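One structure below.
None of the figures in this text is laboratory data; all of them are computed from the coordinates on show. As the structure is a computational prediction, the values presented were derived from the model and not from experiment.
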Amino acid sequence: MKFKNLTDLYQHFDNIVEQDSDADDLFASSYIRGFVALVASEFGDESQPLSAKLSESVDKQLAQAKTELSPQDREIVQQFWLKLKQSF
């Protein structure tokens with residue numbers, strides 16, 4: 001799976017919900033989607049390509065928010081994000 005732009009990534013997040021995915025994927029995708037939306041607003045609209053700079057900004061936001069999550073939830077989010085970034 002490869003995402004060409006932000007719209008594709010958002011569609012992937014929507015598909016996770018529609019596919020009745022497991023609770024960990026639902027949690028991680030919704031958590032990460034919020035950070036992606038926050039960062040993406042600085043880079044352009046939803047047709048923008050997914051860039052290394054956008055990914056790095058999300059990395060920084062997730063690192064700054066790490067105290068919001070339990071260690072177990074932090075690991076779930078981190079693993080989901082690492083897998084997701086491979087599709088950029």
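For the stretch 76-88, in order, what is each residue's ³J(HN,Hα) by Karplus, 6.51 cos²θ - 1.76 cosθ + 1.60 with θ = phi - 60°, in whole Hz (x at glycine and Pro)?
With coefficients 6.51, -1.76 and 1.60, one gets 4, 5, 4, 5, 5, 5, 4, 5, 5, 4, 5, 9, 7 Hz.
In the chain, what is the count of Lys pairs whose alpha carbons are under 21 Å apart, counting only pairs at least 8 residues apart or on separate chains?
For the chain, qualifying lysine pairs total 13.
Is the C-alpha gyration tensor of the stretch 6-85 telling us rounded, prolate or oblate? Criteria: a/c under 1.5 is rounded; beyond that, a/b larger than b/c is prolate, otherwise oblate. Could you put the intermediate results ahead of the total?
Working: a/c = 2.16, a/b = 1.16, b/c = 1.85.
Oblate shape, in that a/c is at least 1.5 and b/c is the bigger or equal ratio.
Sequence-distant or interchain residues sharing an amide H contact under 5 Å with Asn5, placed H: which?
Answer set, sorted by chain and number: Leu50.
Could you derive backbone 3J(HN,Hα) for the stretch 68-75 from the dihedral phi with the Karplus parameters 6.51, -1.76 and 1.60 (θ = phi - 60°), listing whole Hz in sequence and x where the residue is Gly or Pro?
Running phi through 6.51 cos²θ - 1.76 cosθ + 1.60 with θ = phi - 60° gives 6, 10, 5, x, 5, 5, 4, 5 Hz.
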